[in-house]
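A short write-up of the structure that comes next.
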Amino acid sequence: MDAPFELPKMTPCVFCELIAGRFDKGLVEETELTLTIVNIRQFEVGQALVIPRRHAPTILDLTDDELHAIMRAVRRLSAAMVRAYLPDGITLYNNNGVASMQEVPHFHMHVVPRRKSSLWGDGPLHIAALERRSQDILDKVQIDIEREREIAEEIRAAL
């Protein structure tokens, strides 16, 4: 189904490039239908993404099999985060369309181990406000590939 809303512009799709093996990323786990990777922005240590292998811009574009595989990966990742980081909670979120702050036009589910001392305030909407307000904050939470790999290993060890 074509999304009834504006999608972000990105050519080529960074997630499709990753799936094709064109660059390195903190890989946590992969299945036939999904990849689980460390998010380059670590507002919370361990923040990760579950993405479908097939290019599907929004949740409306996923097949039932992809949707089920993504949620199984999300549950497995969440359990690993609990073992690895002992968070106070876990936030799941997904943005569909430019108006919801989607940045990459390839479906991805954010899985975030949350702590009471978080920079996030109440959650993802707070992040949207931070992104508009301060590049300094984004610079502080963006990590390099070595740290991505370390976090991926911490989570993999807890799978």
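Numbers for the structure displayed
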read-out: Qualifying position, being in contact with a Leu (Cβ under 9 Å, 6 or more places away or on another chain) and part of a loop (DSSP other than H, G, I, E, B), among Ala56, Ala73; value: Ala56
read-out: Top-ranked residue of region 76-92 - restricted to ones that are touching a residue at least 24 places away in the same chain (Cβ under 8 Å) and in a strand (DSSP E or B), ranked as farthest from His108 (Cα to Cα); value: Gly89
read-out: Qualifying residue in region 40-61 (condition: within 26 Å of Arg149 (Cβ to Cβ), at pLDDT below 95 and among the aliphatic types (A, V, I, L, M)); value: yes
read-out: Residue that is in a helix (DSSP H, G or I), closer than 22 Å to Gly21 by Cβ, modelled with pLDDT of 95 or more and more than 15 Å from the chain's Cα centre (by Cα), where the choices are Glu146, Glu66; value: Glu66
read-out: Number of positions in region 18-39 that are of a type in the set (A, V, I, L, M), in a loop (DSSP other than H, G, I, E, B) and buried (at least 17 other Cβ atoms within 10 Å of the Cβ); value: 1
read-out: Residue in region 2-12 that is modelled with the highest pLDDT, counting only those that are surrounded by 10 or more Cβ atoms within 10 Å (Cβ to Cβ) and in contact with a helix residue (DSSP H, G or I) (Cβ under 9 Å, 6 or more places away or on another chain); value: Glu6
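The values are calculated or read from the model by the stated rules, or taken from the named source; none is laboratory data. Computed from a predicted model, the values in this text were never measured in an experiment. Because the Cβ atoms are built from the backbone with ideal geometry, glycine has one as well, and the counts that use them run over all protein chains shown.
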